[in-house]
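The values are calculated or read from the model by the stated rules, or taken from the named source; none is laboratory data. Since this is a predicted model, take the numbers as computed values, not measurements. Backbone-built Cβ (ideal geometry, glycine too); neighbour counts: all protein chains shown.
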Amino acid sequence: MKSKFVYVIYIKTAPEKLWHVLTTPEFIKRWWGGGITITSDWNVGSTWVMSYADGRVADAGEIVEFNPPKRMVIKWRNEWNPELKEEGFSRCTFDLEEIDGAVKLTLTHGIDLPNSKFIEAVSVGWPMILSNLKSFLETGEVVLKEKTERYGTGK
């Protein structure tokens with residue numbers, strides 16, 4: 001991949017619980033922020049769709065690999081910004097590894113284009129979103145509600 005963003009975070013939880021929160025719409029809505037919903041049946045070859053609270057499609061793609069609770073790979077394309085959509089599909093990988101009563105979550109988001117504006121954009125959003133995921137799993141609360149709502153507006 002020519003443009004790539006990698007983020008590693010350690011979360012005090014079990015891999016199965018993290019996996020459940022990563023793939024269950026009612027939980028996604030809480031830690032993602034901005035009224036975002038993600039729908040899929042989470043089977044290889046199936047579509048997934050991320051929507052804003054007003055129903056507009058934010059991003060969409062296909063489940064490429066699904067190996068609970070260890071690895072998920074998603075084909076991903078931005079749908080609301082013409083400049084980002086024009087870049088085509090990226091690939092987002094979630095790798096989970098249990099370490100000493102915690103989970104090491106490695107997120108890799110890349111695209112086969114140099115200097116991708118899409119990867120530049122997700123490199124701002126993912127740290128906020130994954131910080132919320134960590135806080136939600138460890139405390140039941142998110143810490144960056146306002147920022148992720150702004151990120152999730154599609155503006």
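Here are a few things to note about the model shown:
- Those residues of segment 102-115 which are in contact with an Asp or Glu (Cβ under 8 Å, 6 or more places away or on another chain) and outside any strand (DSSP E or B), in sequence order: Leu113
- Qualifying residue in segment 22-41 (condition: surrounded by fewer than 18 Cβ atoms within 10 Å (Cβ to Cβ), free of Cβ contacts under 8 Å to residues at least 40 places away in the same chain, within 14 Å of Trp76 (Cβ to Cβ) and out of contact with any Asp or Glu (no Cβ under 6 Å at 6 or more places or on another chain)): no
- Of all the numbered requirements in (1) closer than 19 Å to Leu133 by Cα; (2) aliphatic (A, V, I, L, M); (3) modelled with pLDDT under 95, Met1 misses one, and that requirement is (1).
- Ile63 closer than 29 Å to Lys12 by Cβ, within 15 Å of the chain's Cα centre (by Cα) and at pLDDT 95 or above: yes
- For segment 72-101, a residue qualifies if it is charged (D, E, K, R), part of a strand (DSSP E or B), touching a strand residue (DSSP E or B) at 6+ places or on another chain (Cβ under 7 Å) and surrounded by 15 or more Cβ atoms within 10 Å (Cβ to Cβ), and the qualifying residues are Lys75, Arg77, Arg91, Asp95.
- For segment 46-68, the count of residues that are outside any strand (DSSP E or B), free of Cβ contacts under 8 Å to residues at least 12 places away in the same chain and surrounded by 14 or more Cβ atoms within 10 Å (Cβ to Cβ) is zero.
- Gly110 being modelled with pLDDT under 95 and surrounded by 15 or more Cβ atoms within 10 Å (Cβ to Cβ): no
- Residue count, segment 121-146 (criterion: charged (D, E, K, R), in contact (Cβ under 8 Å) with a residue 40 or more places away in the chain and surrounded by fewer than 20 Cβ atoms within 10 Å (Cβ to Cβ)): 2
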